[in-house]
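A.B. asks: Have a look at this one before I ask anything.
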Amino acid sequence: MGKLSIVATPIGNLEDITLRALRTLKDCDVIYAEDTRVTAKLLTRYEIKKPVLRLDAVTELKKAGEIITRLENDEHIAFVSDAGTPCISDPGQRLVAAVRSREALGEVGRDIQIEAIPGPSALTAALSIAGIDVTKFTFLGFLPHKKGRQTALKKITESELPVVLYESPHRILKLLEECVQHRVSDIVIARELTKIHEEVISGTPSEVQKHFVEHPDTVKGEFVVIVEP
Ligand code: SAM
């Protein structure tokens, strides 16, 4: 039976990988990766030797056909993104949808299995140490850069639930300024999770801005922003 494994990988610390993920990467026939160079570091660390082919956001749909053919030939394929859980603000969703829709065609599709190999995600890691009530929350991933950004920010300020965002170091200060302008009350920023410089900064957007002004060396790395309701 052909099998497509969607494998979560570390978001920084290479020890954050499940035994099942390692076994899957060792046992599969081929690994498709968002960036083969990034995945090569993980595979080297765990001495996994396996063919690795690129499948990124641009090539995802184009490569789906090739992958379906392999799955129909009973191959076991693993897909990994650069970090964390594929499909969460990462490629993978269109691949899974393409394989699923092929299954929906009927008879021929019955013998392909799609399995999740769960593991790290910056989303859940940040929520787990935010120290706020996250019984319910809204996840928006990356905000649009231009069109729709102001509308999204307005909705965030009106939200009754915590809103979780992903942000890059290039835009984190811009986002903070926008939070000030939109009178957001409190935010939590989880930076460089699982890495040496991991830190959580919380307070009003102005307080967090002040922190970054005083520690400009911390305006780098990766950020999860949680806007409190
Ligand atoms: N699929 C990934 C996941 O499951 O979290 C997310 C990939 S998305 C392209 C990358 C964004 O996730 C970064 O810009 C940042 O907002 C967040 N992120 C990833 N790793 C992180 C880390 N170690 N610490 C904080 N945020 C992180």
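A.B. asks: Only one of P144, P205, P216 is without any contact (Cβ under 8 Å) to a residue 12 or more places away in the chain and in contact with a helix residue (DSSP H, G or I) (Cβ under 7 Å, 6 or more places away or on another chain); which?
C.D. replies: When all the criteria are applied, what remains is P144.
A.B. asks: Please verify whether A97 is within 16 Å of the ligand (Cβ to nearest atom) and at pLDDT 95 or above, treating the condition exactly as stated. Walk me through it before giving the result.
C.D. replies: Working: within 16 Å of the ligand (Cβ to nearest atom): no; at pLDDT 95 or above: yes.
Criteria not met by A97.
A.B. asks: I've got another one for you. For the subset of the range 143-178 comprising residues that are touching a strand residue (DSSP E or B) at 6+ places or on another chain (Cβ under 6 Å) and outside any loop (DSSP other than H, G, I, E, B), which member is nearest to the ligand (Cβ to nearest atom)?
C.D. replies: Among those that are touching a strand residue (DSSP E or B) at 6+ places or on another chain (Cβ under 6 Å) and outside any loop (DSSP other than H, G, I, E, B), it is Y166.
A.B. asks: Take R70 and decide whether it is surrounded by 14 or more Cβ atoms within 10 Å (Cβ to Cβ) and either among the small types (G, A, S) or without any contact (Cβ under 8 Å) to a residue 24 or more places away in the chain (or both).
C.D. replies: no
A.B. asks: Six or more apart or on different chains, Cβ under 6 Å: which pairs go from a residue in the range 12-35 that's assigned by TED's automatic domain parsing to the domain that holds H197 to one that's loosely packed, with under 15 Cβ neighbours inside 10 Å? Could you list them?
C.D. replies: Listed pairs, sorted by first residue: none to list.
A.B. asks: What number of residues within the range 191-213 satisfy the criterion of being assigned to a loop (DSSP other than H, G, I, E, B), open to solvent by 30 Å² or more (accessible area, probe 1.4 Å) and hydrophobic (A, V, I, L, M, F, W, C)?
C.D. replies: Qualifying residue count, the range 191-213: 1.
A.B. asks: Further question: Which one of the conditions (1) in contact with a Gly (Cβ under 6 Å, 6 or more places away or on another chain); (2) loosely packed, with under 15 Cβ neighbours inside 10 Å does S89 fail to meet, given that it meets all the rest?
C.D. replies: (2)
A.B. asks: Please find, within the range 219-229, the residue that is nearest to the ligand (Cβ to nearest atom) out of those that are open to solvent by less than 50 Å² (accessible area, probe 1.4 Å) and free of Cβ contacts under 8 Å to residues at least 60 places away in the same chain.
C.D. replies: F223
A.B. asks: Ok, one more. Only one of these conditions is not met by V184: (1) under 23 Å from the mean Cα position of the chain (by Cα); (2) surrounded by 18 or more Cβ atoms within 10 Å (Cβ to Cβ). Which number is it?
C.D. replies: Unmet condition: (1).
A.B. asks: I need the helices (runs of 4 or more DSSP H) fully contained in the range 47-130, keeping only those with at least 2 residues that are among the charged types (D, E, K, R). If you could, list the steps in order and put the result at the bottom.
C.D. replies: Details: elements: 60-72, 93-104, 122-130.
Qualifying helices (runs of 4 or more DSSP H): 60-72, 93-104.
A.B. asks: Let me ask something additional. Would you confirm whether any residue within the range 110-128 is away from the ligand (no atom under 14 Å from the Cβ), free of Cβ contacts under 8 Å to residues at least 60 places away in the same chain and not acidic (D, E)?
C.D. replies: Yes, because at least one residue in the range 110-128 is away from the ligand (no atom under 14 Å from the Cβ), free of Cβ contacts under 8 Å to residues at least 60 places away in the same chain and not acidic (D, E).
A.B. asks: Tell me, please, whether a residue that is at pLDDT 95 or above and over 22 Å from the mean Cα position of the chain (by Cα) can be found in the range 17-27.
C.D. replies: Within the range 17-27, one or more residues are at pLDDT 95 or above and over 22 Å from the mean Cα position of the chain (by Cα).
The values are calculated or read from the model by the stated rules, or taken from the named source; none is laboratory data. Keep in mind it's a predicted model, so treat the numbers as computed, not measured. Reconstructed Cβ throughout: ideal geometry from the backbone, glycine too, with neighbour counts over all protein chains shown. Accessible surface areas use protein heavy atoms only, side chains included; no ligands, DNA or RNA. Shrake-Rupley method; radii C 1.70, N 1.55, O 1.52, S 1.80 Å.
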